[in-house]
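**Q** Sharing a structure below in structure tokens format, with a few things to ask.
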Amino acid sequence: MLGNLLVFAVGLSWIVNAVTIGPTGRLVINNKRIAPDGFLRPSTLAGDTFPGPVIVGKKGDRFSINVTNHLTDPSMYRATTVHWHGVFQNGTNWADGGAMVSQCPIVQNSSFL
């Protein structure tokens, strides 16, 4: 039982040490080699952390997150978008979603506010 609790506590340790931004800030999307499961692999990170930063706000806040694309890995797509789960997007669906579906992609070395 104690072993299971320890694994659970270690698994949630990122919550305590989480990086937070919001409701205004800058979010850089970049490539980095990380080993989240013990095996080094190329990845895409938001805010240079794994897992990505926690975006915080309260009801009524107006979010202004400048997303900058610094993707460089030629083995991956280098254009990106951000889907804002949990953020009410009434009238702004052009700023939320999949590339070429509801939002134009953020191309390499560009940003989107």
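**Q** Let me check I've understood the local charge: for Pro105, count other residues with C-beta under 15 angstrom from its C-beta, Lys and Arg +1, Asp and Glu -1. What total comes out?
**A** 0
**Q** If you don't mind, there's one more thing I want to ask. In a shell of Cβ-Cβ distance under 13 Å around Phe63, excluding Phe63 itself, what net charge do Lys and Arg (+1) and Asp and Glu (-1) give?
**A** Net of charged neighbours comes to +2.
**Q** Then there's this: Report the accessible area of Phe50, computed with a 1.4 Å probe over the heavy atoms of all protein chains in place, in Å² rounded to the nearest 10.
**A** We get 140 Å² for Phe50.
**Q** Would you mind computing the Rg to Rh ratio of the stretch 14-70 from its alpha-carbon coordinates, Kirkwood style for Rh?
**A** For the stretch 14-70, the value is 1.05.
**Q** Further question: Quick one: which residues, 5 or more positions from Ile21 or on another chain, have an amide H under 5 Å from its amide H? H modelled 1.01 Å from N in the peptide plane, none for Pro or chain starts.
**A** Correct list: Val54, Ile55, Val56.
**Q** Within the stretch 26-45, whose backbone N sits under 18 Å from a point 7 Å along Cα→Cβ of Gln108?
**A** Backbone N within reach: 28-33, 42-45.
**Q** Extension gain Asn30-Thr92, at 0.36 nm per residue separation less the Cα-Cα distance, in nm? Write out the running numbers ahead of the final one.
**A** Numbers: separation 62, 0.36 × 62 = 22.32 nm, distance 2.51 nm.
Stretched out fully, the Asn30 to Thr92 stretch lengthens by 19.8 nm.
The values are calculated or read from the model by the stated rules, or taken from the named source; none is laboratory data. What you see is a predicted model, and the numbers here were worked out from it, not measured in a lab. All Cβ positions, glycine included, derive from the backbone under ideal geometry; neighbour counts span all protein chains shown. The area values use the complete protein model at the heavy-atom level, side chains included, leaving out ligands, DNA and RNA. Shrake-Rupley method; radii C 1.70, N 1.55, O 1.52, S 1.80 Å.
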